[in-house]
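A.B. asks: The structure's right below; bear with me while I get my questions together.
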Amino acid sequence: MNKIEINELHFSKRKTISIIIDANGRLIVRAPYRTPQKVINDVVLQKQNWIIRKREEILNHKNEVKTVTFKEGDKVLYRGINCSLKYENNLKPPILLKNGSIIIDSQYVKYAPQLLEKWYKIEAFNYFNRKARHYANLMKVHFKRVKISNAQKRWGSCSSQKNINLSWRLIMAPDSVIDYVIVHELAHLIEMNHSQKFWAIVERQMPSFRKHKNWLDKNGHLLTTT
Ligand SMILES: [Zn+2]
């Protein structure tokens, strides 16, 4: 009798049956189209000792490894908004923003911080690009491209090659603060310093810039995922 439960069974164009135990100790079987259930059960039965041993190994190891995980209901920042973290089954894509919540596929609980960071980087790239183009038009400057950096405190910089570098962590800040950093870096395309002339360019584009600059000086340390 086959007592081992198959947690996931996938049929595809493959030629052989494969059996794996995933990071959560779940048994995942992949088989060619039209493989009879009996054949699959027999293979699982034949390998049951291996499956039990492997599962124990993985689950024991899992307890040893201490990973940072987010709990359901934890708050994470996105564009200045405190979003609740939620987990849902069978989510596609595995992470998304819906009704003020950041929802993650429950099979990625263990990797939630990494998944969130990856998502932030993609969101940052798209959002910063859009905003940089918008402000570059208004300020009549040209930049080559927006690059996403991993900087912890240096929110933005501007290279002599006319690239704008922006830390992905900035995607956690309020929109007005993101705008300020982008305007600041674009102003460097005209004035490569922090002279009065430079600040006048920033102020012309964004009269309220001091408020956003102060916010960043005071709250920049909050823009972190750990
Ligand atoms: Zn500057």
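Every read-out reported here was derived from the displayed coordinates using simple, explicitly stated rules and does not represent laboratory data. Predicted model, so just to flag it, every value in this text is computed and none were measured. Glycine gets a Cβ as well: all are built from the backbone with ideal geometry, and neighbour counts include every protein chain shown.
A.B. asks: Over the alpha carbons of the stretch 123-226, what is the largest minus smallest coordinate on each principal axis, giving the biggest first in Å?
C.D. replies: Computed over the stretch 123-226, the largest-to-smallest principal extents equal 37, 27, 21 Å.
A.B. asks: Continuing with the same structure: Angle between the Cα long axis of helix 209-219 and the longest principal axis of the chain, 0 to 90 degrees, nearest 10?
C.D. replies: Once rounded, one gets 40 degrees.
A.B. asks: Another question about this same structure. By DSSP, what percent of the beta bridges with both residues in the stretch 73-170 are antiparallel, rounded to the nearest 5? Can you show the working numbers first?
C.D. replies: Values: 11 of 20 bridges.
Looking only at bridges with both residues in the stretch 73-170, the antiparallel portion is about 55 percent.
A.B. asks: Report relative contact order for the chain in percent, whole number only (criteria: Cα-Cα under 8 Å, sequence separation at least 6).
C.D. replies: 13 percent
A.B. asks: OK, next. Using only alpha carbon positions, build the gyration tensor of the chain, then give the equivalent ellipsoid semi-axes as the square roots of 5 times its eigenvalues, largest first, whole angstrom. Please list the in-between numbers first.
C.D. replies: Numbers: eigenvalues 506, 68, 40 Å².
Working from the Cα gyration tensor, I get semi-axes of 50, 18, 14 Å.
A.B. asks: Also, quick follow-up: First measure r as the distance between the Cβ atoms of Trp215 and Asn150, then evaluate 1/(1 + (r/R0)^6) with R0 = 35 Å and state the FRET efficiency to the nearest 0.05.
C.D. replies: Working: r = 22 Å, r/R0 = 0.62.
After rounding, the FRET efficiency stands at 0.95.
A.B. asks: Summing +1 for each Lys or Arg and -1 for each Asp or Glu, what net charge is found among the other residues whose Cβ lies under 12 Å from the Cβ of Phe209?
C.D. replies: +2
A.B. asks: For the stretch 4-45, give the magnitude of the charge dipole about the Cα centre (Cβ charges: +1 Lys/Arg, -1 Asp/Glu; no others), in debye to the nearest 20. Write down the numbers at each step before the final one.
C.D. replies: Details: 7 positive and 4 negative charges, 64 e Å.
Its charge dipole is roughly 300 debye.
A.B. asks: Let me know the Rg and Dmax you get for the stretch 1-133 when you use only its Cα atoms, in Å.
C.D. replies: Rg then Dmax for the stretch 1-133, in Å: 19.5, 65.
A.B. asks: Okay, moving on. Quick one: net charge of Thr224's neighbours, Cβ under 15 Å, K/R +1, D/E -1?
C.D. replies: +4
A.B. asks: Straight-line reach from Lys86: which aspartates and glutamates have Cα under 18 Å away, leaving out those fewer than 8 places along the same chain?
C.D. replies: Lys86 reaches Glu72, Asp74, Asp105, Glu117.
A.B. asks: For helix 196-205, report the angle its Cα long axis makes with the longest principal axis of the Cα atoms of the chain; keep it between 0 and 90° and round to the nearest 10°.
C.D. replies: That helix lies at roughly 60 degrees to the long axis.
A.B. asks: Cross-link list Lys98/Lys162; Lys144/Lys211; Lys147/Lys211; Lys3/Lys118: which exceed 31 angstrom alpha carbon to alpha carbon?
C.D. replies: Listed pairs above 31 Å: Lys98/Lys162; Lys3/Lys118.
A.B. asks: Turning to a different aspect of this structure: Taking just the alpha carbons, could you work out the radius of gyration and Dmax for the stretch 124-174, both in angstroms?
C.D. replies: Reported Rg and Dmax, both Å: 10.6, 30.
A.B. asks: Right, here's the next one. Measure out, as a whole number of angstrom, how far apart the alpha-carbon centroids of the stretch 39-59 and the stretch 154-225 sit.
C.D. replies: The stretch 39-59 and the stretch 154-225 have Cα centres separated by 56 Å.
A.B. asks: In deg cm²/dmol and to the nearest 500, what is the mean residue ellipticity at 222 nm of the chain if only DSSP H runs of at least 4 residues count, each as -39500 (n - 2.57), divided by the residue total?
C.D. replies: When only DSSP H runs of four or more count, the value is -13000 deg cm²/dmol.
A.B. asks: Also, I was wondering about something else. Report the label-to-label distance for Phe125 and Glu8 in nanometres (one decimal), using points 7 Å from each Cα along the Cα→Cβ vector.
C.D. replies: The modelled label-to-label distance comes out at 2.4 nm.
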